[in-house]
Structures are given as C-alpha cells and as structure tokens.
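Engineer: Have a look at the structure that comes next, please.
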Amino acid sequence: MILDKIDNSSRYFKSPIFLEIFNKLKSFDIDTPNGIYKTSDSYYFKVMSYETQLAPKIIESHRKEVDVQILLSGKELIKIYKEDDVNVLEKYNSKIDCQFYEELKPPISEIILEPNYMAVFFPNDIHGPLYAYNDKIDKLKKIVIKINETLFSQ
C-alpha cells in the first residue's frame, strides 16, 4: 500500500505505461461524468460520486488489479486490515476481482485520502473505504485507476 502525493507517482511507477496512465489521468476533473473509461486492456478509470458513511460495511481486496484511488473532492477515511483481523464474507469473485470481508478486530491502520493524493492498494491489501473523516459525512468525487497487476512485473 502507498499513500503519497500524485505528483510523486514517478517514484513508484517506473515503466513507460505508467507515464501514459498518469498523463491520461489529467484529462479527468470534477465535471467528468461517473462511469468506466476503458482505453486499454491493461487498465481503466472508474469515476464515481458518493457520500462517506459513519459505519460502512465494505472491506475488500483484489487479486488481479491494483487500485490507485484519487479524490477530486472531499475527504475519505480508509481503514487497513491484516488478514487475521477479518473473516471472508464473500469468496473471491473473479468477474469483479474482489473478495469481501467482515471485521473481526480493529484495523491495523487508517489513512486519510484527500485531493492531490493517491492511495495505492496492491493485490491482497485489505482495505475498507467509504468512512467519514472525523465523523463528518462528505460528498466525494473519486477516480479509481484499475491497473492489471502484471504491469508491475514488466
């Protein structure tokens, strides 16, 4: 997992394909309609709007895709879990590349995502998004870049 400024993306993503991805990211803004924007077989952009929650139930991990989560507006608290701190709620679904969990123990860590920052979740990083920061419900506009994990071994 990585939390850093988007401007520092080149520190982590070295292959030329990542330059392409982060250049395409610049074409998205607060007015971009929600939806899935697929321009490659190796990655796509998912734009969404939602409100944070006080007690969301989503805890997830992925196997084939790396999530690069970026907020265009608002603040979101994301909880990070160890494998021992959760129980599988829904087994891995390859169609949506997701496995869902329920919390057994408190998270090992929490991050605060805000505009100009990125949170990167690699396969098997168990994370719980949607939490209200400081218990304040906030309207978010978010981009999740879904990147095939094989790009990281090139």
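Just so you know, all these numbers are worked out from the coordinates, no wet-lab data involved. These numbers were taken from a predicted model, which means no experiment stands behind them. FYI the Cβ positions are ideal-geometry reconstructions off the backbone, even for glycines, and counts take in every protein chain you see.
Engineer: Would you work out the relative contact order for the stretch 2-153, in percent, from Cα pairs under 8 angstrom that are 6 or more residues apart? Walk me through the intermediate numbers first.
Structural biologist: Numbers: 331 pairs, mean separation 55.9, N = 152.
With pairs under 8 Å counted, the relative contact order is 37 percent.
Engineer: Over the Cα atoms of the chain, what is the Rg over Rh ratio if Rh follows Kirkwood?
Structural biologist: Details: Rg = 15.0 Å, Rh = 15.9 Å.
Radius of gyration relative to Kirkwood radius: 0.94.
Engineer: Using helices alone, what [θ] at 222 nm do you get for the chain, with -39,500 (n - 2.57) per DSSP H run of 4 or more residues, divided over all residues and rounded to the nearest 500?
Structural biologist: -2000 deg cm²/dmol
Engineer: How do 29, 138, 67, 41 line up, fewest other C-beta atoms within 10 Å first?
Structural biologist: Ascending Cβ contact count within 10 Å gives the list 41, 29, 138, 67.
Engineer: Relative contact order (percent) for the stretch 68-146, with alpha-carbon contacts under 8 angstrom and 6 or more residues of separation?
Structural biologist: 52 percent
Engineer: Work through the residues other than residue 75 whose Cβ is under 10 Å from its Cβ and net out their charges, Lys, Arg +1 and Asp, Glu -1. Don't jump to the answer; show the numbers that get you there.
Structural biologist: Values: positive: 136; negative: 76, 114, 138.
Once positives and negatives cancel, what remains is -2.
Engineer: Using a Gaussian network model of the chain whose springs link C-alpha atoms within less than 10 Å, name the residue from 30, 108, 70 with the highest mean-square fluctuation.
Structural biologist: The residue with the greatest mean-square fluctuation here is 108.
Engineer: Also, I was wondering about something else. Using modelled backbone amide H atoms (1.01 Å from N, in-plane), which distant-in-sequence or interchain residues come within less than 5 Å of residue 138's amide H?
Structural biologist: Amide H neighbours of residue 138, under 5 Å, 5+ apart: 52.
Engineer: So who's got an amide H within less than 5 Å of the one on residue 100, skipping anything under 5 residues away but keeping other chains? H placed 1.01 Å off N, in plane.
Structural biologist: Amide H neighbours of residue 100, under 5 Å, 5+ apart: 89, 90.
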